[in-house]
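First comes the structure, then the notes that go with it.
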Amino acid sequence: MPTPTNKRKKPKETRGGIRRKSSHPILGKEFNYVLHLSEEDALVLKRYQDILAQGAAGFAEKIYNYMFDNPDIADVLYAYERQGGNIGELVRSQLEHQLGLLNGDIDEKAAAASEQVGREHYRWGIKPVWSLGAYRLFVDHIKELIAGEADIDHHDRDALERALIKVVFRDMAITSEGYWRAAVEQLTDQRDELGHEQDLAGELLGSIPQLLWTVDIEANRIAYASPGTQAFCGDTLEAPIPCFYRIPGSERERVLTAWQQVIDGAAVQLEIPVSGEDDSARWYRLAFYPTANRRGRVLRVHCLMEDVTELHSDRERLEQLSTQDEVTGLANRTLWYDRLASALAVARRNPGASVAVMVLDINQFKMYNDTLGHEAGDQLLRMIAGRVQKVLRDTDTLARLGGDEFGIVLPMVQDAEKAAERVAREVMNSLSAPFTFKGRELCLSSAIGIAVFPQHGEDSHTLASHADSAMYRAKWNSAPFLFFETETEVSASEHLQFSGQLHGALEREEFELHYQPKIDLSSGRICGAEALLRWQHPQQGLVLPKRFIAVAEQLGMISPITDWVLDTALEHSRHWKVDGRPVAISVNVSARSFQSPGLISRIRQALDKAGVEGSLLEVEITEDTLMSDLELGARILDELSELGVSIAIDDFGTGYSSLSYLKRLPINTLKIDQSFLQDMANDPRDAAIVRSIIELGHNLDCKVIAEGVEAQGVREQLRQLGCDLVQGFHISKPLPDAGFREWLLSSAH
Ligand code: C2E
Ligand code: MG
Ligand code: MG
């Protein structure tokens, strides 16, 4: 068969292609031995070589026809031609090879050449069976020559024919061996390559920490398991999850559900704890990747298992950090809101159930923190947390909301208000014993605000904000705890709305004072004016103090506002005096301002600055402000009266005053709260209260003023009851400075 020459374009050799040189060369002498091919055979062939080479052209044509008559071989030849091969040359080289057999070369070199022909046949896809046909033609051709050639010695014909058969057999056998050796070598190369890849894969799978295995779904067996998987799960790998028995019982359901999803065709991932040899559980990420056939039926599932304990604990730590207060280890604001939201969700599903939300603030914490240092402050917070935690149930949540503020959630309490009151008292008691710190005894008190679901709000933020404002009210009033009251609290939205804007309001000069005159009932003459704060809000226009004073208190901004009010009111008062109409001015001072240490010196400064004597100033405080810290209150009032400043108790009748105490204080005026005047004409009980207050005031050597007088009838009634002064819309609405000056000049008062 054709032996492609090196002129022809060779197909691209692959890595698994044919090797040119065999590692074990074919030994021609073995073939010679088996075929009894001897030197004599070689000699006889050699002797008649030229004669037998005759008629090569005719034989070439036979070979050619044979090849193209056979469609299978023809196809291979066409392909050869398409790749640039020359068929004529091919036929010639085949001829040369076969005629070469007649030259009597039976050595190793000739054997190697024959082997190479077989290799080329393999390479070109020429099957040995087709070569057989070419040999048959060759033998027929030579035998005809031997029989018919006169120049061949009669005696040599048999020997020549035998030698011919032997060399043809030899060549056929060696080319066949070359053919299959090439085939085997190619397969071996491919196998080696595969083996190499497999070795690399094995090395990879053996050195990565992930465990991998493949489950044959039909057979429900593990089709492959990485070395790591075998090491981890033991030799007997049970399908589909080899370490299933090491997953805690409570988690197995999750794994089974995930497996079902994989069988349905979804890739699934989950994290599960798996116990190790020593029973200590570690976290693993299990990932299942299904391989399905075209109809979507899952045939195999590739599984990956990876130790994610570190990641898991980092995440847990992170989660903990994001939900835990670092100082006390309690829940933080985020977790507190979470717990509150879940408690509300449960309560909503249970008719009649309620939830109490409490905000607790430590009154003296800031002072201790500032004087003892932050480390001591942190220590104190931990001690407070410990004590409060003790009075709560396991199901309650205590959280540190920030600074010295703690939050409590009491879920699912039947009578929430009662329960909250009880808890508030217990918390208060638990904090009342002094805290021993570095040999010192620190005393604390707390203020607690309480909001109850559903009475005080439906959602967690409303409730929390309501508990917060109730806490502030408790603080101003020095009450240990107070419940949220709809009317008195600043709404959360207002708080939000104003808190940002209030900060700049002073600098932007958005505040102004309005003045409302006070009239002496017996003389009808003006005897003072109350300064009432207004906020010219850029968007909302004139905002009344009820809406922002509490916010300012909560934001700790009240003192600078009080300072501004004092300065401005005294400045105006000075103008009125210059105008020849000196009018005493009353300024409202809220609890926080009143109790702040610098109040007296600031009032002194303001008086000096305006050049107004103390007798032209009156300070209005509420009963609660005064009573929240009687000792401090008494001291401040003494100092105020030393400055000549008068003191009025505002909204009298709405708070709780210790009458015996009032008697000892330098109070000048009682202001009857306007709520008693509204109905006084119709309600004899209100009239009785007003009468008692007037009497009480007089007994305490105080003047009594009624505020919120809107009608002449009420004014008259008050005059008859002996009330000294009145203030209200009936006389004048609060007026801005200019308006008030006009009123002063024009009015009969
Ligand atoms: P207050 O000190 O009891 O002031 C009296 C309130 O009654 C004023 O409300 C006044 O406008 C209103 N009023 C006066 N006459 C009548 C009347 O005939 N009928 C009715 N219905 N109301 C009348 P305003 O100005 O809204 O102030 C409310 C509260 O805000 C004050 O109550 C006071 O506690 C507080 N406040 C006002 N100015 C300041 C301030 O500069 N500093 C502080 N800390 N609080 C202030
Ligand atoms: Mg007032
Ligand atoms: Mg009042």
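The values are calculated or read from the model by the stated rules, or taken from the named source; none is laboratory data. It should be emphasised that the depicted structure is a prediction, and the values quoted were computed from it without experimental measurement. So basically every Cβ, Gly included, is an ideal-geometry build from the backbone, and we count neighbours across all protein chains shown. Quick note on the areas: whole protein, heavy atoms, side chains included, nothing else; ligands and nucleic acids left out. Shrake-Rupley method; radii C 1.70, N 1.55, O 1.52, S 1.80 Å.
Rule-of-thumb check for the range 578-709: C-alpha Rg over 2.2 N^0.38 Å? Walk me through the intermediate numbers first.
Details: Rg = 15.5 Å, N = 132, 2.2 N^0.38 = 14.1 Å.
With N residues counted in the range 578-709, Rg over 2.2 N^0.38 Å equals 1.10.
Find the accessible area per residue for the chain; the probe is 1.4 Å, ligands and nucleic acids are left out, and the unit is Å². Walk me through the intermediate numbers first.
Working: 37590 Å² over 749 residues.
The answer is 50 Å² per residue.
Enumerate by residue number the trypsin sites (Lys or Arg not before Pro) in the range 511-585 meeting two conditions: DSSP loop (anything except H, G, I, E, B), and at most 15 other Cβ atoms within 10 Å of the site's Cβ. If you can, show how the numbers build up before the last one.
Numbers: sites: K518, R525, R534, K546, R547, R574, K577; in loops: R525.
Filter output for the range 511-585: R525.
Roughly how many nanometres apart are two label points built 7 Å out from the Cα toward the Cβ at D107 and R382?
Using points 7 Å along Cα→Cβ, the separation is 10.0 nm.
Hey, if you drop one equal point scatterer on each alpha-carbon of the range 91-243 and run the Debye formula without solvent, what base-10 log of I(q)/I(0) do you get at q = 0.12, 0.14, 0.17 Å⁻¹?
-0.66, -0.77, -0.98
Using only the C-alpha atoms of the chain, find the volume of their convex hull and express it per residue in Å³.
Values: hull volume 234.9 nm³, N = 749.
Considering the Cα atoms of the chain, their hull volume per residue is 314 Å³.
Rounded to a whole number, what % of the accessible area of the range 13-198 do carbon and sulfur atoms account for, probe 1.4 Å?
C and S atoms contribute 54 percent here.
Kindly provide the helix-only [θ] at 222 nm of the chain, computed as the sum of -39,500 (n - 2.57) over DSSP H runs of four or more divided by all residues, to the nearest 500 deg cm²/dmol?
Taking each H run of at least 4 residues, the total per residue is -17000 deg cm²/dmol.
So how tilted is helix 56-69 from the main axis of the chain? Cα-based, degrees 0 to 90, rounded to 10.
The answer is roughly 40 degrees.
Measure off 7 Å from each Cα along the Cα-to-Cβ vector at T371 and D279, then give the distance between these two points in nanometres to one decimal.
Once both label points are built, they end up 5.5 nm from each other.
May I have the convex hull volume per residue, in Å³, for the Cα set of the range 304-453?
Dividing the Cα hull volume of the range 304-453 by its residues yields 127 Å³.
Among DSSP bridges having both ends in the chain, what percentage is antiparallel? Round to the nearest 5.
70 percent
Please give the length that would be gained between T436 and A748 if that part of the chain were fully extended, namely 0.36 nm times their separation in residues minus their C-alpha to C-alpha distance (nm, one decimal).
Taking T436 through A748 to full extension adds about 105.8 nm, to one decimal.
Given Cα pairs under 8 Å that are at least 6 residues apart, what percent is the relative contact order of the chain?
In percent, rounded to a whole number, it is 7.
Work out the FRET efficiency for A57 and F169 from their Cβ-Cβ distance, taking R0 = 35 Å, and round it to the nearest 0.05.
That gives a FRET efficiency of 0.85.
Among S615, S430, S601, what's the order by accessible area (1.4 angstrom probe), most exposed first?
S615, S601, S430
Nearest 0.05, what FRET efficiency do A345 and R547 give at R0 = 30 Å with Cβ-Cβ as r?
According to the calculation, E is roughly 0.35.
Which order do H730, H121 take by accessible area at a 1.4 Å probe, largest first?
Putting H730, H121 in descending order of accessible area: H730, H121.
Tell me the angle of helix 630-642 to the major Cα principal axis of the chain, expressed in degrees between 0 and 90 and rounded to the nearest ten.
The angle comes out near 60 degrees.
Can you bin the range 300-391 into rounded, prolate or oblate? Criterion: square roots of the alpha carbon gyration tensor eigenvalues sorted a ≥ b ≥ c, rounded for a/c under 1.5, prolate for a/b above b/c, oblate for the rest.
Since a/c reaches 1.5 but b/c is at least a/b, the shape of the range 300-391 is classed as oblate.
Cβ under 14 Å from A163's Cβ, A163 left aside: what net charge do those residues give with Lys, Arg +1 and Asp, Glu -1?
Summing Lys/Arg as +1 and Asp/Glu as -1 gives -2.
Loop-only check: which GluC sites (Glu not before Pro) in the range 264-328 are DSSP coil with at most 11 other Cβ within 10 angstrom?
On the way: sites: E271, E277, E306, E310, E316, E319, E326; in loops: E277, E326.
Here the GluC sites (Glu not before Pro) that fit, given the DSSP loop and packing criteria, are E277, E326.
Between rounded, prolate and oblate, where does the range 13-198 land on the alpha carbon gyration tensor, with a ≥ b ≥ c its root eigenvalues, rounded for a/c under 1.5, else prolate if a/b exceeds b/c?
In terms of gyration-tensor shape, oblate.
May I ask for the net charge around I526, where only other residues with Cβ less than 10 Å from the Cβ of I526 are counted and Lys, Arg are +1 while Asp, Glu are -1?
Once positives and negatives cancel, what remains is +2.
Using 7 Å Cα-to-Cβ label points, what is the L27/E509 separation (nm, one decimal)?
That separation, rounded to one decimal, is 12.1 nm.
Carbon and sulfur together cover what percent of the accessible area of the range 211-314 at a 1.4 Å probe radius?
Values: 2820 of 5770 Å².
Looking at the range 211-314 in its full context, I get 49 percent from C and S.
In a shell of Cβ-Cβ distance under 12 Å around H312, excluding H312 itself, what net charge do Lys and Arg (+1) and Asp and Glu (-1) give?
Neighbourhood net charge equals -3.
Distance between Cα centroids, the range 418-465 to the range 52-124: provide it in whole Å.
Computed from Cα coordinates, the inter-centre distance equals 108 Å.
What figure in square angstrom, to the nearest 10, would you give for the accessible area of C723 with a 1.4 Å probe?
Using a 1.4 Å probe on the heavy atoms, I get roughly 10 Å².
Express in nm, to one decimal, how much length is gained between D156 and S38 on full extension, taking 0.36 nm for each residue of separation and deducting their alpha carbon distance.
Gain in length upon complete extension: 41.0 nm.
What does the C-alpha gyration tensor say about the overall shape of the range 532-618? Classify as rounded when a/c is under 1.5, otherwise prolate if a/b is larger than b/c, or oblate.
Oblate, because a/c is 1.5 or more while a/b does not exceed b/c.
Exceeding 20 Å between C-alpha atoms, which entries from my cross-link table qualify? They are K518/K703; K546/K663; K366/K418; K109/K166; K518/K663.
Among K518/K703; K546/K663; K366/K418; K109/K166; K518/K663, the Cα-Cα distance tops 20 Å for K546/K663; K366/K418; K518/K663.
Using Cα atoms only, what is the angle between the long axis of helix 492-505 and the major principal axis of the chain, expressed in degrees (0 to 90) to the nearest 10?
That works out to roughly 80 degrees.
Figure the gain on full extension for E571 and S692 (residue separation times 0.36 nm, minus the Cα-Cα span) and round it to one decimal in nm.
Additional length available on full extension: 39.9 nm.
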